[in-house]
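Written below as structure tokens is the structure these notes are about.
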Amino acid sequence: MAGWRRKRRYRTDYVPQLPERFRRKHRQNQTHTLSRRLEAVRRWRRQIDLKQVAVWAFQIAVVVLIAFVCVWYFGVRVKCLDNSMNPQIRNQQSVLVNRVVYNTTRPKRGDIIVFKPRGNEKDRYYIRRIVGMPGEKLQIKDGSFYVNGKKLKARYISNSVADPGMASDEISIANDSYFVMSDNQYNMEDSRSSNIGNVKRSSVLGKAWFVPSISRQFGFIK
């Protein structure tokens, strides 16, 4: 046939081969690129690990600091070594003391405080209730408490105090002191005794606020 030309067939599965030196260089480039990527990943992981460790260390430090502050200011334990505060606090029971509350507020009548009598650092801690406030005149007469000439009435006040001690005569409480009493009136180790006397503010450790022992007294102190 005129004008007929035989069609040239081309191989479709033919892949041109690069010279060996180019292939070797290509493999080296791939290996180098992979190494750089792996090294970058390792650096990234190390940075993440260091950041995570720093975060954990910071969190632990914060928790330890909070725990220390809570224990130091709110969790100091003092043991009651007598029956003076029955039935609120039993003999040999421990109480938790709030050491910071009186930095912002003043002790109030009815508060149960922890103190060392006359500021004697070698003495043990006592746990007693505030009855008389600074600047007041207090007397125990006919078994009842009188403050500035008026009879004091409160749930923690007994109207049948058998022994008034030094308070049989009117006592003037200094401006920086408090008259304290035992809830158990038969225990005389309180401000009725000359061994204790009025308690200065500087001798007060803090306010007893919680009984942690497993007993009927467990809970907040009223």
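Read-outs throughout are calculated quantities, based only on the coordinates presented, and are distinct from any laboratory measurement. In this text, all values refer to a predicted model and were calculated from it rather than measured experimentally. Using ideal geometry, Cβ is built from the backbone for each residue, glycine included, and neighbour counts are taken over all protein chains shown.
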Q: Using only alpha carbon pairs under 8 Å that are at least six residues apart, calculate the relative contact order of region 77-128 and give it in whole percent.
A: 31 percent
**Q.** Equivalent ellipsoid semi-axes - Cα gyration tensor, region 118-208, angstrom
**A.** 21, 14, 12
Q: Averaging sequence separations of C-alpha pairs under 8 Å and six or more residues apart, then dividing by the length of region 78-220, give the relative contact order as a whole percent.
A: 31 percent
Q) When the chain is fully extended, how far beyond the present Cα-Cα distance does Lys200 get from Ala61, taking 0.36 nm per residue of separation? A) 46.3 nm
(Q) Just want the ordering: Lys141, Lys207, Lys51, from fewest to most Cβ atoms lying within 10 Å of their own Cβ. (A) Lys51, Lys141, Lys207
